[in-house]
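Please treat every number below as a calculation from the coordinates, not as lab data. Source: prediction; values computed, not measured. So basically every Cβ, Gly included, is an ideal-geometry build from the backbone, and we count neighbours across all protein chains shown.
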Amino acid sequence: MLSAQRSVLLRVLFVEDDENDALLLARHLRKEGYVLKSAQVNSLPALSAALEDGDWDVVISDFSLPGFSALDALETVQAHMADTPFIVVSGMLDEATACAMMQAGAQDYLSKNKLDRLAPVIDRERSEAQIRRERRMALEAVRANDERFRALAANVPGVLFQMQAAPDGLLRFLYVSEACQMLLGISADELLLRPDPLLGLMIETDRAGFFSALDLASTRSATLNWEGRVQIPGSDPKWINIRCSPRYLDDGITLWEGVMWNITQSRRAEAELRDSRAQLAELSEHLQRIKENERDRIARDIHDVLGGTLVGIKISVKLLAGKLDQDETLKKRVRDIEAMLDEAITTAGRVARELRPGILKEFGLAAAVESFAEDFSHRVGINCSVLCADHDIETDEDTALALFRTYQEALTNVSKHAAASRVEVRLTQEYDEIVLEVSDNGQGFQPEDLRKPKSFGLRGIRERLKVLGGSMELMEREPHGTTMVLRAPLGGRRSEQDADSAAVSAEQAQA
C-alpha cells in the first residue's frame, strides 16, 4: 500500500454507470496517496469524447454497462490512446472473463470487493506504459533519423558507405548508398553481397597505393584520403576519391565510414590544364627565343651599321675640323658635334650590349652580371655593388640568358619603383641551383603590389624562371628595402620535368 503522506497526481477516467461505485473507487485511490483528477462516463460516445479531450494516466472500467461491455470500452481506448493502462474492476469476477479481457489487452481484472491490489497495479502499469511510450518515441526517432539520413544520402552526389576490414584482408561493405549505381554501375544490394566489392573494381596498378594509404591511416587513426581508378565493366575507367575515417570496435574490428566521389571530370580538367600550361610555357619559350633573335639582329644593326656610321661621321668631322681656318665659332661648333657623336657612339654601344650581351657568351654569367651592374650605376646613378662568390659557374646558354634577362628586369624595377640609393647583387651556386640575389635599400613593397593587374615585370620574371624549373621570391629587407631571390637549376632539370609531365599526361589520357 502506498504511503498516505505522499501526493501523486493521477488522472483517472472511470467507465462506470453507478456513481456510488465511482466515488468508492476515487475515495480508495485518495487513501492510497493519489491526488485525483477524474471523470466518469457511462457510454461509448462519452468515452470517446473524454479520450479526445483529456490525457489520462489510467482507465478503470466496470465490466458490464448499459449497452456495452468492458471489451467494447477497451477497443475504444486502444483506438485513441494505445499506451493508456486499462483496468477492469467489477463485482462479476470469473476466470474465463478475466482471461478474455487480459487476452484482449487489459492490464488487469480486479474485484470491487478486493481493491488492495488496485494501487500497486496502477503504479506498475503506469511505469510500463511510460516505458512503452518512451520506447515508441525512441523507435519513431530512429525511424525519422533513418528516413532523414536516407533522404540526405539520396541527394548526395557521392556514395556514402560503411566498410569493414576483415582479418582475411578483404573489405566488405556493411552499408552503401544508392548513388553507387550511378558511380560504379552496381546496385547497393549487389555490392553488399560481393565478398570483395571495392578491390575487385580497382585497377591493379592502383591497389598497392590504396593499401599503403589505408595502412598508414589505420596506424595513425587518421582520415584516409585516396584517389585512384576503378574499372567499370563495359565503360572507361573512372577516377574516384575515397575519404573515410576509422572507428574501432571492442572486438578489434575496424569500421571505415566515409564517402566516395567521382572525380573523373576534375582529373581530366587538371590534365587539360597541365597540357594548356605546358603549351603556354612552350609558346612563352618560343616568343622569348624570337625576342632574343630580334634583339640580336637589332644589336648587330646598331653595332655594325649605326655604330659604323657614327664612327665614320666622327672621322669626317675630325677631317673637316683640320681644314677649318681660325674661325673659333666654327671650331666650337665642330667640337660640340664631336661630343654628341661620342655620346651617340657610347649609347649605341650600351644599347647593343643590353640587347645582345656578348660578354655573357664569351665570359659567362658572372662577368655579364658585373658588367651590367656597372652600366646600370652609370646610367641610373644608383650605386650597384656585385659579389660573385662563384665566378666559374657553368650552365647552359638558355639558363644563363634567362637569369641575365630576369636580373636586368629586377634592376629596372629597382630604378622605377624602389626609390633606392644602393643595390647589392650576390651570385652564388647552392648545390645544383644558381642563386642570384638583388637587394635594395628602397621603400620596400606591399603584398598587394604583386597582385596588381599590370604587374607584368614581376610576373614575367616568375614565369620565365618557372619554365626553367626555377623560382622567384620577394622578401622584405631590414630595416627597409627589398630582396629578390632568383633561382634556376644548373641544367637538366627542365628535361626531367618535361618527362614527368609527359608521363602524367599519358596516364591521364589512359583514364
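Could you compute how fast the range 193-341 diffuses translationally, taking Rh as the Kirkwood radius over C-alpha pairs and applying Stokes-Einstein at 37 °C with viscosity 0.692 mPa s? Give it in µm² per second.
142
A DSSP coil position with no more than 15 other Cβ atoms inside 10 Å describes the following GluC sites (Glu not before Pro) in the range 171-250: E178.
Coordinate range of the alpha-carbon atoms in the range 385-437 per principal axis, descending: 34, 21, 14 Å.
How long is the gain from F211 to S276 if the chain were fully straight, where each residue apart is worth 0.36 nm and the alpha carbon distance is subtracted?
Values: separation 65, 0.36 × 65 = 23.40 nm, distance 3.31 nm.
Between F211 and S276, full extension yields 20.1 nm more.
To the nearest 20 debye, what is the magnitude of the charge dipole of the chain about its Cα centre, counting +1 on the Cβ of each Lys and Arg and -1 on the Cβ of each Asp and Glu?
Details: 62 positive and 83 negative charges, 346 e Å.
Roughly 1660 debye, rounded to the nearest 20.
Taking a point 7 Å out from the Cα of M137 in the direction of its Cβ, the residues of the range 78-92 whose backbone N falls within less than 18 Å of it are 81-85.
Here the Karplus curve 6.51 cos²θ - 1.76 cosθ + 1.60, taken at θ = phi - 60°, turns the phi angles of the range 136-145 into couplings of 5, 5, 5, 5, 5, 5, 4, 5, 5, 5 Hz, with x standing for Gly and Pro.
Extension gain, E430 to E204: 0.36 nm times the residue separation minus the Cα-Cα distance gives 77.2 nm.
Its relative contact order, with pairs defined as Cα atoms under 8 Å and 6+ residues apart, puts the chain at 7 percent. Each of D296 and H378 was given a label point 7 Å from its Cα along the Cα-to-Cβ line. The distance between the two points is 2.6 nm. Working from label points 7 Å from Cα in the Cα-to-Cβ sense, the K361 to R220 distance is 5.3 nm. As a rough footprinting exposure proxy, the listed residues R172, R220, R333, R464 were ranked by other beta carbons within 10 Å of their own, and the order from fewest upward is R220, R333, R172, R464.
What the phi angles of the range 39-51 give under the Karplus curve with 6.51, -1.76 and 1.60, with θ = phi - 60°, is a coupling list of 8, 10, 10, 9, 8, 5, x, 5, 5, 4, 5, 5, 5 Hz, glycine and proline written as x. A convex hull fitted to the Cα coordinates of the range 1-120 yields 93 cubic angstrom per residue.
One chain, two ends: L319 and M102. Fully extended at 0.36 nm per residue, the span grows by 64.0 nm beyond their Cα-Cα distance.
Work out the FRET efficiency for M340 and K466 from their Cβ-Cβ distance, taking R0 = 60 Å, and round it to the nearest 0.05. Before the final figure, lay out each step's value.
Details: r = 44 Å, r/R0 = 0.73.
My answer for the efficiency is 0.85.
The H on the amide N of I232, modeled in the peptide plane, is under 5 Å from the matching H of K238, each at least 5 residues off or on a different chain. When only alpha carbons are used to place a centre, the range 92-107 and the range 135-207 end up 50 Å from one another.
Which whole-number percent of Cα pairs in the range 13-76 have a distance greater than 21 Å? Present the calculation step by step, with values, prior to reporting the outcome.
On the way: 398 of 2016 pairs.
That tail contains 20 percent of the Cα-Cα pairs.
Applying D = kT/(6 pi eta Rh) to the range 156-262, where Rh is the Kirkwood radius over alpha-carbon pairs, T corresponds to 20 °C and eta to 1.002 mPa s, the Stokes-Einstein value obtained is 154 µm²/s.
What the Cα atoms of the chain give is an Rg and a Dmax of 47.5, 161 Å. Here E354 and L255 are evaluated by their C-beta separation; at R0 = 56 Å the FRET efficiency comes out at 0.25.
Convert 4 °C to kelvin, take the viscosity as 1.567 mPa s, use the Kirkwood radius over C-alpha pairs of the range 86-161 as Rh, and evaluate the Stokes-Einstein diffusion coefficient in µm²/s, rounded to a whole number.
Values: Rh = 15.9 Å.
D = 82 µm²/s.
Peptides 248-254, 469-475, 109-115, 131-137 ranked from most to least packed by the mean count of surrounding Cβ atoms within 10 Å: 469-475, 109-115, 131-137, 248-254.
Annotation for the range 24-70 versus the range 226-302: alpha-carbon center distance of 76 Å. By the compact-protein rule of thumb, 2.2 N^0.38 Å, the alpha-carbon radius of gyration of the range 347-490 corresponds to a ratio of 0.99.
Note that the range 420-436 has calculated 3J(HN,Hα) couplings of 9, 10, 8, 10, 10, 10, 9, 10, 9, 10, 10, 6, 9, 10, 9, 10, 10 Hz, one per residue in order, obtained from phi through the Karplus relation 6.51 cos²θ - 1.76 cosθ + 1.60 (θ = phi - 60°); glycine and proline are x.
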